[in-house]
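Taking it in order: structure first as structure tokens, then the write-up.
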Amino acid sequence: MLCLRIIQQISFFLLLSLHIGCENDSITAAVDNIDFDSEIDSSLEQIIAKKILEKTNAIRTSRGLSELTQNDDMDQLAELHSLNMIEYNFFDHVDHQNKSPSERADDLNFEWRRIAENIGYVPWFENVVGCGDTRSAESISECVVEGWRNSPGHYANMIGDFDQLGVGVAFTNDSIAYFTQVFRVP
């Protein structure tokens, strides 16, 4: 039994290692069950983004850290990256134009002293390894945030010395959710 549990934990870690990435440039409940027969709309994505912010802040406050504030500019930057990863078929911090998170922020004239990014993707499915049924805003946000929390680089960004957070969520036509968190000190 113990051996099976260890194998399950290793499998979960390997799955998250393949599906979640992070980068840090220091220089510088209404919707719990959605029927996927209907098109996912932006309100679901906004609800998931809000839950990701709340869950990230819960992790921070449990460590005695201040909460991150939601920022519209960083939401825009994060959403653009999630959409671009889908449209241009890549999963990386460097985008299809070979630009880093800090370069994308500069292109949009978003000021920053420190900026960092977490990315991930999770299928909207009834049996995701390590997460179970992710077909609700609560469960899919929990899955991606826990994945980041269990990854040292992502976790460092989540508890890092940042003031603001933007979250972007976008779905593929085959129900894969792409997530981007952008952390900033303006």
- Residues located in the stretch 132-153, provided they are over 14 Å from the mean Cα position of the chain (by Cα) and either polar (S, T, N, Q) or at negative phi (or both): D133, T134, R135, S136, P152
- Note on the structure: Note on V185: of the conditions (1) under 23 Å from L65 (Cβ atoms); (2) crowded, with 23+ Cβ neighbours inside 10 Å, unmet is (2)
- Residues in the stretch 84-102: is at least one farther than 20 Å from W148 by Cα, among the small types (G, A, S) and crowded, with 17+ Cβ neighbours inside 10 Å? yes
- V129: at pLDDT 95 or above and of a type in the set (A, V, I, L, M), yes or no? no
- Task: Search the stretch 136-157 for residues that are within 11 Å of G120 (Cα to Cα) and part of a helix (DSSP H, G or I) and pair each with any residue that is of a type in the set (A, V, I, L, M) and open to solvent by 10 Å² or more (accessible area, probe 1.4 Å) when their beta-carbon atoms are under 8 Å apart and the residues are at least 6 apart or on different chains.
- Result: C143/V128; V144/I20; V145/I59; G147/L16; G147/I20; W148/I20; H154/I20
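The values are calculated or read from the model by the stated rules, or taken from the named source; none is laboratory data. Nothing here was measured: the structure is a model prediction, and the numbers come from that model. For neighbour counting, all protein chains shown are included, and Cβ atoms are generated from backbone atoms with ideal geometry for every residue, glycine included. Heavy atoms of the whole protein, side chains included, go into the accessibility calculation; ligands, DNA and RNA do not. Shrake-Rupley method; radii C 1.70, N 1.55, O 1.52, S 1.80 Å.
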